[in-house]
Every structure is written in structure tokens, then in C-alpha cells.
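Written below as C-alpha cells is the structure these notes are about.
The values are calculated or read from the model by the stated rules, or taken from the named source; none is laboratory data. Since this is a predicted model, take the numbers as computed values, not measurements. Using ideal geometry, Cβ is built from the backbone for each residue, glycine included, and neighbour counts are taken over all protein chains shown. Surface accessibility is based on the protein's heavy atoms, side chains included, excluding ligands, DNA and RNA. Shrake-Rupley method; radii C 1.70, N 1.55, O 1.52, S 1.80 Å.
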Amino acid sequence: MDKKHNNIGHNYLNNNGSVHKNLKTTKKGFYVNYDKAGYRIDHYNTNIFRRLARKVLIKIGIFEPIKNIKKRLMVKYVWKEKVNNLIKKLTKSNLPLFDRISIETFSKCNGGCSFCPVNRFDDPRDDNLMNENLFKNIILNLYDLDYKGQVILSLNNEPFLDKRIYSFAKIVRNYLPEAYISILSNGTPLNVERFKRIIDNVDELIIDNYNDELKWHKNIKAIMEYLADKEIYKDKVKFRMRLENDILDTRAGQANNRGWIKTLDISCLYPFISINIQVNGDISLCCNDALSKEVVGNVSKKSLEDIWYSKKYFDYRNKINSSRKLVSICEGCDTVDIPRGIANV
């Protein structure tokens, strides 16, 4: 297979390389607002009327059935044809390399989010750090690929629990100057000094403030106050107010606060555009597969490119295209995501 190193990821289909504005992290359903300093503050499921309606529906036991019916209707009438067409374009000749890679350098999160299968109460994983040499080899592999896509230094973990995250971000910036570096954090380990240590080496820092009373944590509020007169970071930092106890997608069928769902009749774009690396080097099929139930390779044994174009990876893609029922984590998953960079291909 002819692998074109400079044509990284799905943005290649736009013939403009990896466009950074298309790599910004997005999530459907957020109400967007800005504070007085111009920093973006998103609110998710925090509207009082929306919360009251959800509570009533949950109490009488019809919230999940309604959510499932709505999702199936969206699949049938909106998403399925679009996803199928995008996958056909991606696979028309040679599948482009990924343009989103998530790297988990520490295996734990200190959050208590009820919708997450690896919250601090339920996480069965051991406390493990990624070997530093393994991390460097991953970045060198991306350097050899002339990678210009998104590097997310987090996955199903809290990245700032790893004290090396600051030096890791600097390594990525030095070796991949044209890559788009993102970190998603719940913000609890951060303070102003730690914020200042990380911010110049990332392109995007998303701080999720999880609080069921919709109050800003003191340390996050201190960071917001520090930024009040610093416009230079407005395009880098995004704050998101979110509920710690919320009912969201099934997270590859692993969310403990979701019940059984009827398998969606739709493929998935994730295996065609993104790659996810666990602390031990395993590449899991999906970012939602927090427990690595479906592994397609290990970067300590093969290169990213060899794994991406491997028969095993293509077998998974073909199965998902045929039916989500053919892959264990996909059978009970209700995630349908069309990232901004590929949406207008």
C-alpha cells in the first residue's frame, strides 16, 4: 500500500493539509458563552429547565427509552447516509493516516463522574505510568511521519496526575512544531503556577469543571481570574461547566449508569480517523474503550503506521461497517460523532 506521509488524516481530503481550526475539540450539546475577558465558557446540560425535565423523565423511568429512540431516529434520517458517504471517500483509494492521536501517560483519573466507567470509584485499572522511552519513541515515530495533526495528551485519565506532563508537552512541541497539541483535564490538580508551566507548549487546554451545584472550583476560578487581563491565551483555553452526575452516551457499552440499548444501525468514523494509545503501548480500537477490551496492536512492537494499515485494523473497520454487532464494544455503543474537520468533506 502506498503510504503518503505528508497527507495526514482526513483533512487531506480537503487538499489543505491538517487545518488547525478543524482539529479543535468539539462536543455536541454545549451552550457557548464568554466571560468578561473573552474566554470561552461552555455549559453542558446545565440549563435549569433542561435539568428539571431530565429529572422528571428519569424519575418516571422513560428518560433512557426516549434518549434511545431519539438516537435511532437521528441515525436513520440524518447520520447514517452522511457517515457512510464519508467512509466511502476516506477509503476510495488509500486510507489516509490518522490526524488525531490520544496518548494516555497515566492510567488513573481522580474524578467521580457517574457516566465514566473508570471514575475513581469504579476503575479496575492499576496505577501505571507510561515508560518515558516509550513516549519518546511514539513522538519520534510521529516525527518520521511529518505529523501535523492533533496530539491529545490525555484519554480516559486525568493528565495532570502525571507530573511529567509538562516535559512531555515540551517534547511534543519540539519534535512536532506543526502539530496541534491538546489536553483535556478536570482541572482539579491545576493551579496558576501549573497552568503557566503548561500553557506555552499546548494549542488547546480544556478544563472541565464538574460540579452538580454548578459552582466553579476555587483553583479553577483562580486561573480564570489570572487570565482576566491576558488576551493572548483566549484561543487556547476553554472552560466547561459540567455535571458530575449526568447521563450521557454509553461509552462503548461500559457506562455504569446506562442500561442496555438496541444496537445502532450505523458505522463509526473513529477507526478511520483516530488512534488511541494506552500506558502500556496498546492501541485500543476506540477512545471510548477505557478498559482496552479491543486492542489492535502495541507501539512497542510495531510502528504506528504498520498498525494503522494492518490487516487486524482493517478487519475491525470492515466489521464495524457491516454491523456494530460484530465488535463487542460497538454493539452497545450509542456514540455517533462527525468531527468538524471531516464534516464538510
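The residues neighbouring residue 41, those whose beta-carbon lies less than 13 Å from its own, together hold a net charge of +4 under the Lys/Arg +1, Asp/Glu -1 convention. As a rough guide to protection, the peptides 316-325, 73-82 ranked by mean Cβ packing within 10 Å, highest first, stand as 316-325, 73-82. Which of rounded, prolate or oblate describes segment 138-256 when judged by the alpha-carbon gyration tensor and an a/c cut-off of 1.5? Note, shape of segment 138-256 comes out oblate.
The helix-based estimate of mean residue ellipticity at 222 nm for the chain, built from -39,500 (n - 2.57) per DSSP H run of four or more residues and divided by its residue count, is -8500 deg cm²/dmol to the nearest 500. On a per residue basis, segment 209-308 carries 42 Å² of accessible surface, using protein heavy atoms and a 1.4 Å probe. Roll a 1.4 angstrom probe over the protein heavy atoms and tell me the percent of accessible area of the chain that is carbon or sulfur. That fraction is 50 percent.
As a calculated quantity, the FRET efficiency between residue 306 and residue 92 at R0 = 25 Å, using C-beta atoms, amounts to about 0.65. Among 91, 263, the order of accessible area from largest down is 91, 263, computed with a 1.4 Å probe on protein heavy atoms. Backbone N atoms of segment 166-188 closer than 14 Å to the 7 Å Cα→Cβ label point of residue 110 belong to residues 185-188. Normalised by 2.2 N^0.38 Å, where N is the number of residues, the C-alpha radius of gyration of segment 241-299 stands at 1.29.
Can you tell me how segment 22-164 classifies by the Cα gyration tensor, rounded, prolate or oblate, using a/c under 1.5 as the rounded cut? Oblate, since a/c reaches 1.5 and b/c is not below a/b.
Normalised per residue, the accessible area of segment 108-163 is 43 Å², obtained with a 1.4 Å probe and no contribution from ligands, DNA or RNA.
Place a point 7 Å from the Cα of residue 293 along the Cα-to-Cβ direction; which residues of segment 240-262 have their backbone N under 14 Å from it? Output list for this probe position: 250-262. Extension gain, residue 194 to residue 140: 0.36 nm times the residue separation minus the Cα-Cα distance gives 16.8 nm. Applying 1/(1 + (r/R0)^6) with r as the Cβ-Cβ distance of residue 133 and residue 314 and R0 = 45 angstrom yields a FRET efficiency of 0.95. This structure gives volume of the Cα convex hull per residue in Å³, computed directly, and of [x] 216; [y] 169; [z] 134 that value is listed as [z].
Lacking any other cysteine beta-carbon closer than 4.7 Å, the following Cys residues of the chain have no compatible partner: 109, 268, 286, 287, 330, 333. With coordinates expressed along the principal axes, the C-alpha atoms belonging to segment 172-326 extend over 52, 42, 25 Å, beginning with the largest.
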